[in-house]
1. With the cut-off at 19 Å, report for the range 50-126 the share of all Cα pairs above it, as a whole percent.
2. Could you sort 207-215, 31-39 so that the peptide with the highest average Cβ count within 10 Å comes first and the rest follow in order?
3. Could you go through the range 200-212 in sequence order and give the Karplus-derived ³J(HN,Hα) for each residue, using 6.51 cos²θ - 1.76 cosθ + 1.60 with θ = phi - 60°, rounded to whole Hz, and x for Gly and Pro?
4. Where both residues lie in the range 102-221, what percent of DSSP beta bridges are antiparallel, nearest 5?
5. Tally Lys/Arg at +1 and Asp/Glu at -1 over every other residue whose Cβ is under 9 Å from the Cβ of Tyr137; what's the total?
6. Could you give me the ³J(HN,Hα) list for the range 140-145, computed from phi with Karplus coefficients 6.51, -1.76, 1.60 and θ = phi - 60°, whole Hz, x at Gly and Pro?
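Each value in this text was obtained by applying a stated rule to the coordinates, not by laboratory testing. Treat the numbers as computed from the prediction; the structure is a model and nothing was measured. Note: ideal-geometry Cβ built from the backbone for every residue, glycine included; neighbour counts use all protein chains shown.
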Amino acid sequence: MREKNILQILRDSRYTVVLTGSGMMVESGYPLLRDGDESYEIEKKYGYSFEEIFSSGFYSARKELFFRFYKEVILKAAEVPPGKGFLMLKKLQDHGLVDAVITRRIAGLEDRAGCRNVINMKGTVFDNVCPSCGRHYPAEYVRDSKGVPLCEQCLVALRPQVCLIGEMIDNGIMTRAAGEVEKADVLLVLGASLNTPLCSQMLQYYSGTNLILVTGSEHYTDQRADFIVYGRCDDFLERLAEECEN
Ligand SMILES: [Zn+2]
């Protein structure tokens, strides 16, 4: 499948939704905290696995250690700026080829690249709320606080507005994401296999005509896609953006 043909599909599409997966993050230089080598280092350093420590139970019971881990690992990782893939995605959106972007990643790379109509299904680290008064705080406030970040007014521990392990995705967000996918003629999946939670959740709402998948590795579930492009998402998006300008 030549990029030129894919570009034509995008141009003919009435509504195109993009799903961005962890492959896009890895291309930006973002560490894979849960599955990569990092997970071993995390367990060694904190005495708990990523799954244990980044959970709502741990947040409730062990706030000191939760926030040490959160600042040193989660916020640190989120300092990685959006790479070429995300910037090219924004470019395609500027060309009117992308209507909505949906992700389960919490580093807000799509927003920071300037993409519009982004649905962060699990929230982002950039929003933190006082559970008592509802005041919002930026990530910097959490990062710079000593120990557990507290609300200035209530002195209550803040809650990062992200979905921790074991928590359900917010109903309102889920409905919004499902609504976008239902509207889509074209669904463009970037850097995720179709069996990942993001795709399997969203595909049940999809009844469009062209499911396009860009992925670095083969997986048998991917055969459901109408078009598969093997390789890097950022290079693919860059070729599309260049093609747009011709
Ligand atoms: Zn408060």
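1. Details: 1309 of 2926 pairs.
So the portion of pairs separated by more than 19 Å is 45 percent.
2. Packing order, densest peptide first, comes out as 207-215, 31-39.
3. Calculated HN-Hα couplings, in order: 5, 5, 7, 5, 5, 9, 8, 9, x, 9, 9, 9, 10 Hz.
4. 45 percent
5. Values: positive: Arg135; negative: Asp127, Glu140, Glu152.
Value of the local net charge: -2.
6. So the Karplus estimates, Gly and Pro as x, are 4, 4, 5, 4, 7, 6 Hz.
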